[in-house]
1. Calculate the radius of gyration of the Cα atoms of segment 129-261 to one decimal place, then report Dmax, the largest Cα-Cα distance, as a whole number, both in Å.
2. Between SER114 and LYS88, what FRET efficiency comes out of the Förster formula 1/(1 + (r/R0)^6) with R0 = 45 Å and r the beta carbon distance, rounded to 0.05?
3. From a point 7 Å beyond the Cα of LEU107 in the direction of its Cβ, which residues of segment 46-72 have a backbone N at a distance under 16 Å?
4. Starting at the first residue of segment 78-93, write each ³J(HN,Hα) from the Karplus equation 6.51 cos²θ - 1.76 cosθ + 1.60 with θ = phi - 60°, in whole Hz, x for Gly and Pro.
5. May I ask you to compute the full-extension gain from ILE35 to GLN251, defined as 0.36 nm times their residue separation minus their alpha-carbon distance, rounded to one decimal in nm?
6. Reachable lysines from LYS80, Cα under 20 Å, same-chain residues fewer than 8 places away excluded?
7. At what distance in angstrom do the alpha carbon centres of segment 239-260 and segment 110-176 lie from each other?
8. Could you pull out the chymotrypsin sites (Phe, Trp or Tyr not before Pro) across segment 54-154 that fall in loop regions by DSSP (anything but H, G, I, E, B) with no more than 12 other Cβ atoms inside 10 Å?
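Laboratory data are not the source of any read-out in this text; all were calculated from the coordinates shown. These figures come from a predicted structure and were not determined experimentally. A quick note on method: Cβ atoms are made from the backbone with ideal geometry, for glycine too, and the neighbour counts reach across all protein chains shown.
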Amino acid sequence: MRALAAGIATGALTAFWGAAAMADELIGQPTDKAIGMVAGVTPLKKDAIFFHNMILLPIITLITVFVAVLLLICIFRFNKKANPVPAKWSHNTPLEIVWTLVPVLILVVIAVFSFRLLFEYHDMPKPYMTVKATGYQWYWGYEYPDQKIPEFVSNILPEDKAKAAGVPYKLATTAPLVVPVNQTVQILTTGADVIHAWAVPSFGVIMDAVPGRVNSTWFKVDRIGTYYGSCRELCGVDHAFMPIEVKVVSQADFDAWVAAKKPAAPAATPTANAAAAGAPNTPAAAAPAPGAATAVPANQNNPAAPAPASKPAAAAAAKP
Ligand SMILES: [Cu+2]
């Protein structure tokens with residue numbers, strides 16, 4: 001009986017690891033019929049996979065097998081037929097000490113590795129750049145404060161366009177987040193309307209995007225490629241249709257992308273400037289007589305003018 005149970009367990013484990021190893025995994029996206037987690041391309045994800053595969057999975061497998069064997073022994077050796085006269089004893093002090101201490105030790109082992117990983121997540125190296133990711137119903141907005149790239153919208157790529165481009169539908173976007181390879185990128189997340197969550201499995205990163213507060217996480221990707229993720233907080237009817245696409249490129253390609261993205265940035269400024277220039281002209285023309293009197297309302301109007309003018313411009317830019 002014991003041999004049979006052990007045989008089943010060994011067979012199951014072999015099949016599990018065999019399938020996991022055999023699956024020809026796509027990088028950065030889910031693989032059909034694959035088992036296990038997606039391949040990691042950041043130190044955080046690699047350590048999370050180690051924690052899962054080498055610490056948690058063996059422990060939980062051993063516990064499951066052990067309990068199953070005990071159950072089978074009870075069922076077959078101590079049923080009414082095989083054991084008509086049950087033993088009458090109760091309490092066994094050494095046994096009770098063991099089954100109290102062993103689970104404690106197991107939890108201590110898990111805690112040591114778990115806390116090590118947790119500290120690693122919080123211990124961000126000095127970031128090369130910061131990206132602000134804002135969750136909207138139902139798309140993402142990305143802003144690059146360091147590169148002075150204003151927020152742009154990343155929408156889901158429609159099915160026909162995704163098929164034509166040969167990219168995965170519901171994962172590909174109209175405008176991916178672009179970051180350089182081998183650089184620490186800090187992600188600041190926030191929500192504009194309801195709670196969303198920014199998650200990319202290959203990076204081992206998931207962070208809530210909560211309205212009214214800013215959360216921070218980080219990643220450092222060691223491989224050039226395209227990595228997909230999705231919103232991970234039920235945020236409304238189109239929750240499943242706000243994917244995340246991150247293009248990790250070489251430093252040269254990133255610099256070129258930044259240079260190409262930048263000219264779009266000053267577009268908002270002329271509008272604001274024109275509105276600001278137009279605002280003082282109007283009161284000046286309306287009240288030409290006292291020079292000192294016109295200067296005061298003009299100055300008061302001036303700082304106020306760019307704000308309402310730039311707001312609709314920003315809102316229009318943010319609309320998908
Ligand atoms: Cu969402």
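1. 13.8, 39
2. The calculated FRET efficiency here is 0.55.
3. Residues 60 fall inside that zone.
4. Running phi through 6.51 cos²θ - 1.76 cosθ + 1.60 with θ = phi - 60° gives 10, 7, 4, 6, 6, 9, x, 10, x, 5, 9, 6, 9, 6, 8, 4 Hz.
5. 74.4 nm
6. Filter leaves LYS88.
7. Between the Cα centre of segment 239-260 and that of segment 110-176, the gap is 9 Å.
8. In loop regions of segment 54-154 (DSSP not H, G, I, E or B), the sparsely surrounded chymotrypsin sites (Phe, Trp or Tyr not before Pro) are PHE78, TRP89.
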